[in-house]
1. Over the Cα atoms of the stretch B:17-135, compute the convex hull volume and normalise it per residue, giving Å³.
2. Which net charge results when you count Lys and Arg as +1 and Asp and Glu as -1 among the other residues whose beta-carbon is under 10 Å from that of residue B:205?
3. Give me the distance in nm between label points sitting 7 Å out from Cα along the Cα-to-Cβ direction at residue A:253 and residue A:165, one decimal.
4. Quick one: length gained pulling residue B:305 to residue B:196 fully straight, 0.36 nm per residue minus the C-alpha distance?
5. In a shell of Cβ-Cβ distance under 10 Å around residue B:87, excluding residue B:87 itself, what net charge do Lys and Arg (+1) and Asp and Glu (-1) give?
6. Under Stokes-Einstein, with the Kirkwood radius over Cα pairs standing in for Rh, what whole-number D in µm²/s applies to the protein assembly as shown at 10 °C and 1.306 mPa s?
7. Could you please tell me the mean projected area of the C-alpha convex hull for the stretch A:1-62, averaged over all directions and given in square nanometres to one decimal?
8. Based on DSSP, what percent of beta bridges with both residues in chain A are antiparallel, to the nearest 5?
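None of the figures in this text is laboratory data; all of them are computed from the coordinates on show. Since this is a predicted model, take the numbers as computed values, not measurements. Here the Cβ positions follow ideal geometry from the backbone for every residue, glycine too, while neighbour counts run over all protein chains shown.
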Amino acid sequence: MTAIGDNDRRIEKYRRMQRIRQFETRAETIHAAGEIPGALHTYAGMEASGVGACMALRDDDYMVGTHRSHGHPIAKGAKLRSLMAELLGKVTGICKGKGGSMHLSDFSMGSLGETSIVGSGGPVTAGAALGAKLQGLDRVALCFFGDGASSEGAIHEGMNLAAVWKLPAIFVCENNRFGMSTPTAAGVAGAHVADRAHGYGIPGIIVDGQDVDAVEAAVREAVDRARAGKGPTLIETKTYRYADHAVNMGRDLTPRGPEHDEWLARDPIVLYRARLVEDGVSGADLDAIDVQVAEEVADALNFARESAYPAFEEAFDHVFVDRLPIPDDVRAHA
Amino acid sequence: MAKITYLEAIYQAQAEEMERDSKVFIMGEDIRCNVFGTTTGFVERFGEERVRDTPISENGFIGAAGGAAMVGMRPIVDATISSFLFPAMDQICSIIAKSRYIYGGQAQLPLVIRSCLFYGNSNAAQHSDRPYSMFMNMPGLKIIAPSNAHDMKGLLKAAIRDNDPVMSFEDSTCWMVKSEVPDDLDFVIPLGKGEVKREGTDVTVVAIAGAVNIALKAAEKLKAEGISVEVVDPRTLVPLDRDIILRSVRKTGRAICVDPAHKTCSAASEIAATIAEEAFEALRAPVVRVTTPDTHLPFSPHIEKPLYPSIERIMDAARRLVGAPAPQPQPA
Ligand SMILES: Cc1ncc(C[n+]2csc(CCOP(=O)(O)OP(=O)(O)O)c2C)c(N)n1
Ligand SMILES: [Mg+2]
């Protein structure tokens, strides 16, 4: 297939994939050095899945993601500063340091959360699609979930609701071959997650998750269908997770098969670059994008490093609208 | 006797009980690859039928443990992190906790649901829960929350042998801590029996799970200030050893309940209420709870860490109860 969209759009897809890759490469290094607390689940290898899907959405469309949360917001167009600051637990982070790596969620870009409880985004997506419909907004809601998550009841309850009420929802299963140490085939019955769509009477589409144009085309069709009131679609992007479940854990839990090298040889960014060059985009222009992105990442990291940590009192903000009272005995030693 | 870690204690309890009773089997997400070291060599030793990796579907496999238990098996479910119990609330609360009762004793569900309390390390609110007190409010579930390897092994073995559903809440702050554990294959600690971990005369500190270790450190420091602290570890939350708590409070006349859970309706709250109801006449001061406040746990370590019960907070509470002055701040 050839690249879809005009040159600006195609270059934007390339740029966003580069952004994700470079952002995470940097994050992985500083996580290893202890600068990022908690666990870091990287999206490397899956960039075409997120970017292709999000490029088919409008800015005001909704999106729900997962613990593997770095790729989705960048794919939807979020700026890097507040994402990097969140990874470092700074008050300027997109979630003010409350969420961290598993929750890079930029509501200004239509995100309704990157949730780390596997499968929990399914019902939220159905609800957002319902809310859009009830308010007469022609917005759609897109749910990213993993192959492993496809075994959770919540995903199926969300899909059934969306199907029975013909809601403007798109369920994108990013099948990266594993859920932690478990190969998809060991945890998920049937040949393809997409096949489960038939049970709900909705389209179930399989797409090459390493081809950003193919993903965009498939999601665009689903979005058009959804906006036209024809209900949800389940799309399975066949993709691959390069790193272990979480990075810098000291031990690789992923049972790699012989296909590992084949997947690495089909890197989504390398593939797309080759396609763009073949279609006449100059390599120098793409190099310039790589450099610009590197500068954005460096700027984001500087910003994050220079930002302050949240003040102790902020631990009591955002449980409710109003700050909770702070117990004296806790404050005394904060 | 051998000195082993809390995680090794879990491993040994599971291995010994699986060896002893062929009805015992274990399942959970990614348990074959032995992430935490509690299933070392299990696949080779017990085979894949008895050591099962599950799909990511907690309501499914935890409920299935209930079904298998009803027909005579004795499942151990490793639910890994306790926050992942929430998707399985339906099966735990509606089926597992209630089947014996609803069916007038016809159903028996000998199963163990293990999960760890995974707090204090920037895992953010969705992974950091300490939810045992939510389950204390649901009749029909026995609950253990051990604070060291010795108790972990003895209680987990008792839980596996018990004919009722038992939830085991394993505090990750204790994972690598070692203690002496008997080698006897029949070493079990009966469910519902607490232990006095340190004797004292001025204040009783009743502490839950990992908070026991903090309380013991606070007690040592308070000794230097002339305050004698008795540390009581209930070890089992359901059934709760009310006698050991009341006996201690009747002796000291003062009580602090330390619990890593959120304050409202915590295990500490239940213990404090029990003391107020049953040992009111012995109290020389109000009962105090030292808990995590009723806010969620944030990712940023600088604001997460101060939220949990600490040595300093326990010491402050003890000084307050005995009427001792707070120490003067040290010049920096
Ligand atoms: C309800 C729940 N169960 C278990 C986990 C632990 N866990 C985190 S990610 C993960 C694997 C998820 O696999 P998949 O859905 O394929 O997403 P991937 O990690 O491959 O992106 C598991 C088991 C969790 N976070 N939530
Ligand atoms: Mg996966």
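1. So the per-residue hull volume is 110 Å³.
2. +1
3. About 3.4 nm, to one decimal.
4. So the extension gain works out to 36.5 nm.
5. Local net charge: -3.
6. Answer from the Stokes-Einstein relation: 60 µm²/s.
7. 5.5 nm²
8. Percentage antiparallel, nearest 5: 10.
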